[in-house]
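The values are calculated or read from the model by the stated rules, or taken from the named source; none is laboratory data. Predicted, not measured: the structure shown is a model, and the values here were computed from it. FYI the Cβ positions are ideal-geometry reconstructions off the backbone, even for glycines, and counts take in every protein chain you see.
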Amino acid sequence: MDQLFDFELTAELLDFPFVRTALIAAAILGLVAGVLGPLIVSRNMAFAVHGTSELSFTGGAAALLLGVNVGHGALAGAVVAALVLGLLSRRSSEHDSVIGAILAFGLGVGVLLLWFYPGRASNKFGLLVGQIVSVDFASLALLGGCAVAVLAVLLFIYRPLLFASVDPDVARARGVPTGALSLVFAVLVGIATALGVQTVGALLVLALMITPAAAACRVTANPLKATVLAVVFAEFAAVGGIVLSLAPGAPVSAFVTAISFFIYLVCWIISLTRGRARRGVASATTAVPATPR
Amino acid sequence: MTVERDAAPGRSEHTRPESSVVSLRDATLGYGRRVLWSGLNLDVAPGEFVAVLGPNGSGKTSLLRVLLGLQPVTSGSVRVVGESPGRGNRRIGYVPQQRAMEESLVMRGRDLVGLGLDGHRWGIGLLGMRARRERVDAALDAVDAHGFADAPVGRLSGGEQQRLRVAQALVSDPEVLLCDEPLLSLDLANQQVVSSLIDRRRRTANTAVLFVTHEINPVLPLVDRVLYLVDGRFRIGTPDEVMTARTLSELYRAKIDVVRVRGQIHVVGAQAGLCEQDHHEDRN
């Protein structure tokens with residue numbers, strides 16, 4: 001257990017180029033996940049992100065079998081999944097069941113595709129839990145390019161998207177194209193998810209996309225502050241998780257999820273204590289205000 | 001409280017249709033074979049307060065959707081602030097029904113109002129942040145909402161949320177205010193607060209108000225004219241003209257009595273719950 005925190009070994013390992021590449025990849029991912037996260041939480045899309053990430057695994061598996069770049073396959077799978085989920089479930093009441101149905105089928109297809117693949121088992125496993133230390137320069141370039149594209153589009157649609165996410169009825173009345181925006185956002189989330197799948201794996205992408213944002217949303221109601229906090233939390237989890245995993249040589253995902261969950265727990269406790277204090281204040285001052293003249 | 005009224009400020013010289021901010025000519029709205037209303041002619045003058053009444057499904061909310069440009073009329077013509085209704089006309093303000101907002105919603109009252117100002121614009125709006133802040137502050141002041149503008153909206157009471165809704169609708173300085181049951185589920189005191197905020201706006205800025213409601217009494221002192229919709233039929237006139245046993249009996253094609261008690265109007269005999277609704281308890 002004492003080898004869990006071997007600082008000398010950690011420092012030594014940080015000099016390796018592949019570790020540096022992994023850290024850069026994690027930092028990019030943390031930024032994208034942190035920026036998208038609060039909007040995902042506001043739109044109740046956590047399960048959709050989970051579904052998209054699993055389906056990017058299907059895309060990755062298909063790419064593995066076809067002999068093309070697994071990253072591209074995962075990206076294609078996630079975008080297709082995001083579009084299908086966005087188009088099929090316009091009504092929120094059936095949103096979850098549509099995701100559930102497609103998710104199960106997609107995973108089944110992915111398992112079948114992996115079974116067809118004659119290669120080594122570790123490749124298969126890597127798709128599920130992530131292999132950030134295997135990120136090479138080409139995939140780093142893809143990651144960076146995708147991140148820039150996602151952030152640029154998001155910057156452009158941010159205000160109407162926020163409006164449509166937190167106040168859809170009035171947004172529609174004010175002429176915001178809410179349907180088109182949710183499709184575009186679904187694609188952005190799909191791309192970011194596919195990037196996440198390659199670093200922390202399909203099963204653990206929620207740890208970066210959802211948990212930091214959910215934690216941030218617990219401690220502030222200011223959308224801008226929530227975004228900044230979510231980015232900080234996600235960076236901390238992604239980069240910190242890799243650094244901590246170096247010395248023991250343990251799976252990155254275990255550390256990333258542990259850190260983000262710990263942050264969530266702390267924020268949850270903060271919101272609990274604050275909520276109690278606020279309720280106390282509120283009950284003392286709920287008198288109806290005087291009629292303004 | 002009196003039901004007698006004199007004309008709204010400036011109304012007499014604004015009855016010419018050219019000056020009306022909302023104008024429907026022979027307008028018909030239907031879904032498939034079902035006609036919600038037809039042959040509707042309505043002109044709303046600046047500063048006029050028009051209450052839109054009628055049972056559920058009579059097309060009150062659909063009228064607002066038409067004016068917002070979310071739904072085309074089947075036939076006839078519609079003009080709003082001199083234009084045909086298009087999505088997102090900035091000169092139209094909209095106050096929706098009070099609906100409980102999720103407690104975990106990541107939004108403060110200030111953000112809700114700000115989105116009413118520029119939420120439809122592309123980009124993130126880093127330019128003009130100061131001017132934006134000033135306008136939002138002014139709108140918050142106008143509804144006396146500074147005390148809770150920085151709290152999460154989901155934790156506010158229904159009355160506080162609805163005051164923010166009014167600020168959100170007014171921050172863009174609209175010429176027409178469309179209100180869809182804005183008093184629903186508010187208690188009496190808050191109904192009064194919210195309706196007097198709307199009234200003050202139309203008096204100071206001459207904003208026309210179309211006010212969809214089940215219940216005329218909370219706004220009766222403010223109403224210039226009533227548009228009463230029942231089953232595709234309608235009547236337009238002052239409350240004294242429309243809210244009579246004879247007119248409503250014709251509209252409903254049933255025996256309706258109208259009782260006036262202490263300045264309030266009570267409609268008796270229309271199908272239960274269609275015309276009148278009990279005051280709801282405020283959500284807390």
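Would you check if residue B:162 is at pLDDT below 90, over 27 Å from residue A:213 (Cα atoms) and more than 7 Å from chain A (Cβ to nearest Cβ)? Judged against the criteria, residue B:162 is not a match.
Quick check: anything in the stretch A:259-278 over 20 Å from the mean Cα position of the chain (by Cα), surrounded by fewer than 21 Cβ atoms within 10 Å (Cβ to Cβ), modelled with pLDDT under 95 and not in a helix (DSSP H, G or I)? No, there is no match, as no residue in the stretch A:259-278 is over 20 Å from the mean Cα position of the chain (by Cα), surrounded by fewer than 21 Cβ atoms within 10 Å (Cβ to Cβ), modelled with pLDDT under 95 and not in a helix (DSSP H, G or I). Checking the stated criteria, residue A:162 turns out not to satisfy the condition of being within 14 Å of another protein chain (Cβ to nearest Cβ), surrounded by fewer than 18 Cβ atoms within 10 Å (Cβ to Cβ), assigned to a helix (DSSP H, G or I) and at pLDDT 85 or above. Of the residues in the stretch A:199-212, none is more than 14 Å from every other protein chain (Cβ to nearest Cβ), at pLDDT below 90 and surrounded by fewer than 16 Cβ atoms within 10 Å (Cβ to Cβ). Scanning the stretch B:116-144 for residues that are closer than 22 Å to residue B:103 by Cβ and facing chain A (nearest Cβ under 10 Å) yields a count of 3. Applying the condition of being more than 17 Å from residue B:165 (Cα to Cα) and acidic (Asp, Glu) to the stretch B:195-229 and asking which residue is modelled with the lowest pLDDT yields B:215. Checking each residue in the stretch B:150-159 for being at the interface with chain A (Cβ under 8 Å from one of its Cβ atoms), without any contact (Cβ under 8 Å) to a residue 60 or more places away in the chain and buried (at least 18 other Cβ atoms within 10 Å of the Cβ) picks out B:152, B:153, B:155. The set of residues from the stretch B:91-115 being facing chain A (nearest Cβ under 9 Å) and under 16 Å from the mean Cα position of the chain (by Cα) comprises B:92, B:94, B:95, B:96, B:97, B:99. When the test is whether a residue is within 9 Å of chain A (Cβ to nearest Cβ) and at positive phi, residue B:147 does not pass it. Is at least one residue of the stretch B:62-77 closer than 29 Å to residue B:149 by Cβ, more than 9 Å from chain A (Cβ to nearest Cβ) and surrounded by fewer than 22 Cβ atoms within 10 Å (Cβ to Cβ)? No: zero hits.
Candidates are the residues of the stretch B:13-60 that are in a helix (DSSP H, G or I) and surrounded by fewer than 20 Cβ atoms within 10 Å (Cβ to Cβ); the one that is modelled with the highest pLDDT is B:19. Only helices (runs of 4 or more DSSP H) whose full extent lies in the stretch B:99-190 are considered here, and the ones with at least 2 residues that are basic (Lys, Arg) are B:129-142, B:158-170.
So, in the stretch B:217-241, of the ones that are in contact (Cβ under 8 Å) with a residue 60 or more places away in the chain and assigned to a helix (DSSP H, G or I), which residue ends up surrounded by the most Cβ atoms within 10 Å (Cβ to Cβ)? For the stretch B:217-241, the residue satisfying everything is B:219. Kindly indicate the residue of the stretch A:165-185 that is touching a residue at least 24 places away in the same chain (Cβ under 8 Å) and buried (at least 22 other Cβ atoms within 10 Å of the Cβ) and also farthest from the other protein chains (Cβ to nearest Cβ) among those meeting that condition. This residue is A:185.
For the stretch A:142-153, the criterion of being modelled with pLDDT under 90, out of contact with any strand residue (DSSP E or B) (no Cβ under 8 Å at 6 or more places or on another chain) and either within 14 Å of another protein chain (Cβ to nearest Cβ) or more than 22 Å from residue B:69 (Cβ to Cβ) (or both) is met by at least one residue. Evaluating residue A:157 against the criteria (1) more than 9 Å from every other protein chain (Cβ to nearest Cβ); (2) part of a helix (DSSP H, G or I); (3) aliphatic (A, V, I, L, M) leaves one unmet condition, (1).
Of the residues in the stretch B:61-69, at least one is in a helix (DSSP H, G or I), of a type in the set (Gly, Ala, Ser) and either over 30 Å from residue A:227 (Cβ atoms) or touching a helix residue (DSSP H, G or I) at 6+ places or on another chain (Cβ under 7 Å) (or both).
For residue A:20, indicate whether it is modelled with pLDDT of 85 or more, over 27 Å from residue A:226 (Cα atoms) and of a type in the set (Lys, Arg). When the stated conditions are applied, residue A:20 passes them.
Examine the stretch B:266-284 for a residue that is touching a Pro at 6+ places or on another chain (Cβ under 9 Å), at pLDDT below 90 and buried (at least 19 other Cβ atoms within 10 Å of the Cβ), and state whether such a residue exists. Checked the stretch B:266-284: at least one residue is touching a Pro at 6+ places or on another chain (Cβ under 9 Å), at pLDDT below 90 and buried (at least 19 other Cβ atoms within 10 Å of the Cβ). One residue alone among A:29, A:87, A:65, A:83 is at pLDDT 85 or above and surrounded by fewer than 17 Cβ atoms within 10 Å (Cβ to Cβ), and that residue is A:83. Pairs meeting the criteria (first residue in the stretch A:53-73 and within 23 Å of residue A:147 (Cβ to Cβ), second residue among the hydroxyl-bearing types (Ser, Thr, Tyr) and buried (at least 24 other Cβ atoms within 10 Å of the Cβ), beta carbons under 8 Å, at least 6 apart or on different chains) are A:53/A:193; A:56/A:193.
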